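In what follows, a single structure is set out as structure tokens and then discussed.
The values are calculated or read from the model by the stated rules, or taken from the named source; none is laboratory data. What you see is a predicted model, and the numbers here were worked out from it, not measured in a lab. Neighbour counts run over all protein chains shown; Cβ positions are idealised from the backbone, glycine included. When the accessible area is computed, the model is the full protein with side chains, heavy atoms only, and any ligands, DNA or RNA have been set aside. Shrake-Rupley method; radii C 1.70, N 1.55, O 1.52, S 1.80 Å.
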Amino acid sequence: MALTDKKLETFAPELYQDISLNDLVMYAVYVLAETKNEINAEEIVAACFLLFPARFHLRGYSQWPDSTVVNKRWLDCRDRGYITGSTAGGFSITPKGLEVAETTASVMSGKRRHFSRRTPSKLTAEARTRAGRFIRSLEASDAYKQFQREAETANISEFDFRSMLLCTMESSAATLNSNLEQFKQHASLYERQDFVDFLEFCRRKFASVLSEKVPSQKLIGVE
């Protein structure tokens, strides 16, 4: 479905004028994520402008979106762990990002409701379903099984570490870090401190791999 074909409910400027740009971007990403698993940068720009034109229009040209402002905001949102991905491979919202979207919806719902009353529980259910896929993948990985047997003495190979993160030997450090953070968020959503501890162990063990400067690769998702 093209964005122009999707009916977007707009808001009076006074409802969102005091909300941070990052939070508005995350709300727009969530609206897009309702119908798409991966979202491109152009769609984020368009959705921000269509939903919140007073905050995202080009200065002096209210009929056009300011892509520079939106791009800076989604970059910051990615750094904060609200979304993962890249312009080449598309973006996905994280559990942390879903929480931001819920909060933004609640702030605006005082005067005008966009989400239905059941939306917060729906968001939680969607987040837990996606998190469950990651958790099962992590639990079945050779790296985690070895850690269960040997704990802190586990001599996990780089290949098994990368495979656990759904990456290849060619995947960049940026992709590895992004996927590692996403696994941590999903583990936290399920309140699995054992998985969080394991992932922190892997972060320490493979610190040099995670800091390598290599060309970015496309994120590999879990279906």
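Residues in the range 1-22 that are open to solvent by 40 Å² or more (accessible area, probe 1.4 Å), modelled with pLDDT of 75 or more and in a loop (DSSP other than H, G, I, E, B): Thr10, Gln17, Asp18, Ser20.
The single condition among (1) open to solvent by 30 Å² or more (accessible area, probe 1.4 Å); (2) at pLDDT below 90 that Ala54 does not meet is (2).
Out of all the residues in the range 90-104, which are open to solvent by 10 Å² or more (accessible area, probe 1.4 Å) and among the small types (Gly, Ala, Ser)? Scanning the range 90-104 gives Gly90, Ser92.
Close Cβ contacts (under 7 Å, 6 or more residues apart or on different chains) running from residues in the range 184-210 that are without any contact (Cβ under 8 Å) to a residue 60 or more places away in the chain to residues that are open to solvent by less than 70 Å² (accessible area, probe 1.4 Å) and among the acidic types (Asp, Glu) comprise Phe206/Glu158; Val209/Glu158. A Cβ distance below 7 Å, combined with a sequence gap of six or more or placement on separate chains, defines the contacts here; from the range 41-60, residues that are under 12 Å from Trp74 (Cα atoms) and part of a helix (DSSP H, G or I) reach residues that are of a type in the set (Gly, Ala, Ser) and open to solvent by 30 Å² or more (accessible area, probe 1.4 Å) in the pairs Val45/Ser67. Residues that are open to solvent by 50 Å² or more (accessible area, probe 1.4 Å) and touching a residue at least 24 places away in the same chain (Cβ under 8 Å) were ranked within the range 140-167; the one that is farthest from the chain's Cα centre (by Cα) is Glu152. When Lys36 is tested against (1) among the basic types (Lys, Arg); (2) under 27 Å from His186 (Cβ atoms); (3) assigned to a helix (DSSP H, G or I), only condition (3) is not met. If you filter the range 23-42 down to residues that are among the charged types (D, E, K, R) and in contact with a strand residue (DSSP E or B) (Cβ under 9 Å, 6 or more places away or on another chain), you find that the one that is most open to solvent (accessible area, probe 1.4 Å) is Glu38. When the helices (runs of 4 or more DSSP H) confined to the range 116-216 are screened for residues that are at pLDDT 85 or above and charged (D, E, K, R), those reaching at least 2 such residues are found at 119-139, 142-150, 158-164, 193-205.
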